[in-house]
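**Q** Structure incoming, see below.
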Amino acid sequence: MSYATAPVKRFPINRFDVIVISFLLIMALVTALILWRGDQVGLQVVTVSPASAATDVSTRSQIKVTFDQDISASETNQLPLTVSPPVSGTVRWDGTSLSFAPALPLASNTLYTVTLTGDVVSQRGRPLNEAISWQFQTGQPRLLYVAKDAIGNDQIFVIDPDGGDAVQLTQETYGVFDFALSPDASTIAYSALREDGGSDLWAISPEGQTRYPLLTCPEAVCNGVAWQPNSDRLIYERRNMLVPGAAPGPPRLWWLNLSNSETVAVFDDNQILGYGATWASDGRWLSYIAPSSQGVQVFNVDDGRNFVVPSRLGGLAVWDPAGESLLVADLQPSDEGFAVHLLKASPETGELVDLSGEKQLVEDTSPTWSPDGAWIALTRKAAGASMGKQVWLMRSDGSEAHSLTNDTEIHHGLPAWSPDGRYLAFQRFPLREIDAKPSIWLFDLETEDLHQLAADSNRPTWIP
């Protein structure tokens, strides 16, 4: 028996087919070469911050490394980078970046060396084949404050406490109402007054070289900026002006997204009143003055936990450097009159501790934490007395309270710690002088030297 053989179909291959097949083979070879080369080269660093050889770096700066691909979080407790002189802190992985947040501000005028070890691996399993080192130099802390310009409008100035002339940063036609330094000290947000009595939000660098608008607020007053740490958002206060030139309405809190300039009310019910927002250092806990609650509302933006710290004064809450507790001033009535005490509150437990001491007839206000959280500077006077408030220090638990100034004819206010914890800047206002004006003074905690930094000025804020 014989079988017929089926004819074999042949597909002609023209020149175009040859080109396509050749191209696909070449691309396959290139891809294989890239994969092989990637395995050989490993994980690559794209940028580092602070940049190599950078100078005048803020002592609040974080150290950040950006890679060419997503990285895997280390499963060990060993830090993937070292800093010399030694600095303790925490590491955070986020996509292609690794950030190191120092536990305390860096030292001023110091050369730091950062070494990125090989203990970093991408999500593809590619390691950092070689350790990488770079250096940067921190700068000298300076002081921001508000003072009058040549025509009598409030402007923002900066001065070097070690000497030198003050430099005027803003040149606003109608002046500046208030300002707030960003957590990384790279930007100053401020409210610029308008002719109609409203105000817009602007930003300027501490050197004054970069200035740009943050938010235009037609028919409204916008101020009271509170930067959210580790975020590209901030909260501000908005007061609507129903009639141009008339007194604005009550304050409400709004978000501003810095990446796209979108702004929305903080609360779903945009009739809720609030002002005086402050943030814990991790950016999770927000506090603000809530008139309806007669206290300071503390709110966790991650999980919604909240509680109220009683305060009938309407003063700002002040968070410790670690974000573990906050200070609030509150009225304490007694048979002998009234007192103002500092209450320390824990956001995790809601526990309140009276740091001023039970039955103490004192008025304690304007608290501020030392950079290491060990001490609290405040202003104090005997309750009901006519003398000016003095600058005091106490431990974080309220112990070892003692005065730094003792001039009853001078009212002291708004103490501010230098980044290294050695100096306190504060306002002084003579009570018996006609046409008296506030001035800013500097107190050296080591030598107890006290001298004036700027006349006719107020609201001292350190640029670390």
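The values are calculated or read from the model by the stated rules, or taken from the named source; none is laboratory data. Every value quoted in this text rests on a predicted model; they were computed, and no experiment measured them. Reconstructed Cβ throughout: ideal geometry from the backbone, glycine too, with neighbour counts over all protein chains shown.
**Q** Are any residues in the range 410-438 in a strand (DSSP E or B), within 19 Å of THR368 (Cα to Cα) and either touching an Asp or Glu at 6+ places or on another chain (Cβ under 8 Å) or of a type outside the set (Phe, Trp, Tyr) (or both), and if so, which ones?
**A** Hits for the range 410-438 are HIS411, HIS412, GLY413, LEU414, PRO415, ALA416, TYR423, LEU424, ALA425, GLN427, ARG428.
**Q** Looking at (1) part of a strand (DSSP E or B); (2) hydroxyl-bearing (Ser, Thr, Tyr); (3) within 18 Å of the chain's Cα centre (by Cα); (4) surrounded by 15 or more Cβ atoms within 10 Å (Cβ to Cβ), which is the one condition that is false for SER61?
**A** Exception for SER61: condition (1).
**Q** Within the range 151-166, can one find any residue that is in contact with a strand residue (DSSP E or B) (Cβ under 9 Å, 6 or more places away or on another chain), farther than 29 Å from ASP320 by Cα, at pLDDT 95 or above and surrounded by fewer than 17 Cβ atoms within 10 Å (Cβ to Cβ)?
**A** yes
**Q** Could you tell me whether LEU242 is among the hydrophobic types (A, V, I, L, M, F, W, C), closer than 27 Å to LEU378 by Cβ, in a loop (DSSP other than H, G, I, E, B) and free of Cβ contacts under 8 Å to residues at least 60 places away in the same chain? Talk me through it step by step, then tell me what you get.
**A** Values: among the hydrophobic types (A, V, I, L, M, F, W, C): yes; closer than 27 Å to LEU378 by Cβ: no; in a loop (DSSP other than H, G, I, E, B): yes; free of Cβ contacts under 8 Å to residues at least 60 places away in the same chain: yes.
No; evaluated as a whole, the condition is false for this residue.
**Q** On to the next question. Consider GLY323 against the criteria (1) over 25 Å from ALA416 (Cβ atoms); (2) assigned to a loop (DSSP other than H, G, I, E, B): it satisfies all of them except one. Which criterion is unmet?
**A** The single condition GLY323 does not satisfy is (1).
**Q** Identify, please: which residue in the range 321-375 is in contact with a strand residue (DSSP E or B) (Cβ under 6 Å, 6 or more places away or on another chain) and among the β-branched types (Val, Ile, Thr) and is, among those, surrounded by the most Cβ atoms within 10 Å (Cβ to Cβ)?
**A** Going through the qualifying residues, I end up with VAL328.
Conditions tested, residue by residue: (1) out of contact with any Ser or Thr (no Cβ under 6 Å at 6 or more places or on another chain); (2) part of a strand (DSSP E or B); (3) touching a residue at least 60 places away in the same chain (Cβ under 8 Å).
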site	(1), (2), (3)
GLY276	yes, yes, no
SER287	no, yes, no
GLY304	yes, no, no
LEU343	yes, yes, no
THR349	yes, no, no
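**Q** Here's another thing I want to ask about it. Please return the ranges of strands (runs of 3 or more DSSP E) entirely within the range 162-226 where 1 or more residues are farther than 30 Å from ALA247 by Cα and of a type outside the set (Ser, Thr, Tyr).
**A** Per the criteria, no element qualifies.
**Q** Sort out which residues of the range 412-464 are farther than 15 Å from ARG142 by Cβ and among the hydrophobic types (A, V, I, L, M, F, W, C), and write them in order of number.
**A** Within the range 412-464, LEU414, LEU424, PHE426, PHE429, LEU431, ILE434, ALA436, TRP441, PHE443, LEU445, LEU450, ALA455 qualify.
**Q** Among the residues of the range 120-129, are any surrounded by fewer than 19 Cβ atoms within 10 Å (Cβ to Cβ), within 27 Å of the chain's Cα centre (by Cα) and among the charged types (D, E, K, R)?
**A** No, the range 120-129 contains no residue that is surrounded by fewer than 19 Cβ atoms within 10 Å (Cβ to Cβ), within 27 Å of the chain's Cα centre (by Cα) and among the charged types (D, E, K, R).
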